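In what follows, a structure is listed as structure tokens, so that the remarks can point back to it.
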Amino acid sequence: MQNNLNKVARDTDLFLKKFFKTQVKSPLLNSMSYGLFSGGKKIRSKILVDVGKIFDADYKKLIIVGSAVECIHSYSLIHDDLPCMDNDKLRRGKPTVHIKFGESTAVLAGNSLLTLSSEILTSKLLKLDNSIKINLIKKISECSGHLGIAGGQYLDLSYEHKKVSKKKVLQMEIKKTGKLFSFCCMAPLIIKKKDSKLIKVFDQIGSDIGLLFQIVDDLIDYMGQASIAGKKTRKDEKQGKATLISLLGYKNAIKYKNNLISNLHKKLSKFGSKSYNLIDTLDYIATRNK
């Protein structure tokens, strides 16, 4: 599992570094690179590749699409860390972008990574029909904007120090984290021109994976060690964040996580041995400590 994860991360970083070299030189490239090449595991790209394996999608094309996803993920982290958002000073054991380069540069670096994702998806290097590229850009935009990451972060901040229902917490976490995972699960099917009914099935699988990822993130914050996590822990409680842990309690949040992984196993088992890589990745997500 770890070898496969490392390979996807290496290949994604390799493509992105080559793509950066094609960019006209800009003072923002340094801060963009710092935020993008920060040692992340590229879990989202790995999920995309794993789903692609189920449907025999081309690996190189998936790496390019995954590179666009990682640009968006990095943009969201840069902005989430800002003082006006979650005010984090460490990310993956390193100073956050706004600590290293200043707030205004961090905002602009994040904005630039967001738009770079569209440049990647429209690039000639991604050898797909224009109609497929347009569909991919439409989906990734929906998953990143007010219906996805940005909308989820808005709700996350709005719910601080408030009593919020389980339904609202789940909706917030699906937007904030699940939607980009949904895109990763839908993209290989869009590339292979699968029918909308099946794409919808994987849209929901992606939401469940994102929810699993977020719950584990919250559990790490609640019980994890900062030295291992690479960032401050116990922040959610201090900031009055609305999470499943604050709502259900630690033990019940673990039960919820275990039910999620069990249901995901059942949904994916019908795809036979081709889903084994994806199931392994989900087990890795469920047991990670950083």
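The values are calculated or read from the model by the stated rules, or taken from the named source; none is laboratory data. This structure is a prediction, so every number in the text was calculated from the model and none was measured. Neighbour counts run over all protein chains shown; Cβ positions are idealised from the backbone, glycine included.
Report, ordered by the first and then the second residue, all pairs with beta carbons closer than 6 Å, sequence separation of six or more or different chains, a first member in region 112-140 that is over 26 Å from Leu29 (Cα atoms) and touching a residue at least 24 places away in the same chain (Cβ under 8 Å), and a second member that is buried (at least 20 other Cβ atoms within 10 Å of the Cβ) and of a type in the set (D, E, K, R).
Hits for this filter: zero, empty list.
In region 36-54, what residues are among the hydroxyl-bearing types (Ser, Thr, Tyr) and in contact with a Gly (Cβ under 8 Å, 6 or more places away or on another chain)?
Scanning region 36-54 gives a single hit, Ser45.
Could you please give the count of residues in region 15-57 that are closer than 30 Å to Leu268 by Cα and not in a loop (DSSP other than H, G, I, E, B)?
Total meeting the criteria: 13.
Which residue, of Ile43, Ile63, Ile47, is surrounded by 13 or more Cβ atoms within 10 Å (Cβ to Cβ), within 17 Å of Leu126 (Cα to Cα) and in contact with a Phe, Trp or Tyr (Cβ under 9 Å, 6 or more places away or on another chain)?
After ruling out the rest, the residue left standing is Ile63.
Quick check on my filter: what residues within region 76-93 are closer than 19 Å to Gly39 by Cα and free of Cβ contacts under 8 Å to residues at least 60 places away in the same chain?
Hits for region 76-93 are Leu77, Ile78, Asp81.
Select from region 117-135 the residues that are over 16 Å from the mean Cα position of the chain (by Cα), outside any loop (DSSP other than H, G, I, E, B) and either buried (at least 17 other Cβ atoms within 10 Å of the Cβ) or among the β-branched types (Val, Ile, Thr) (or both) and list them in ascending order.
The answer is Ser118, Ile120, Leu121, Thr122, Ile132, Lys133, Ile134, Asn135.
Could you tell me whether region 216-230 includes any residue that is farther than 18 Å from Arg91 by Cα, modelled with pLDDT under 95 and assigned to a helix (DSSP H, G or I)?
no
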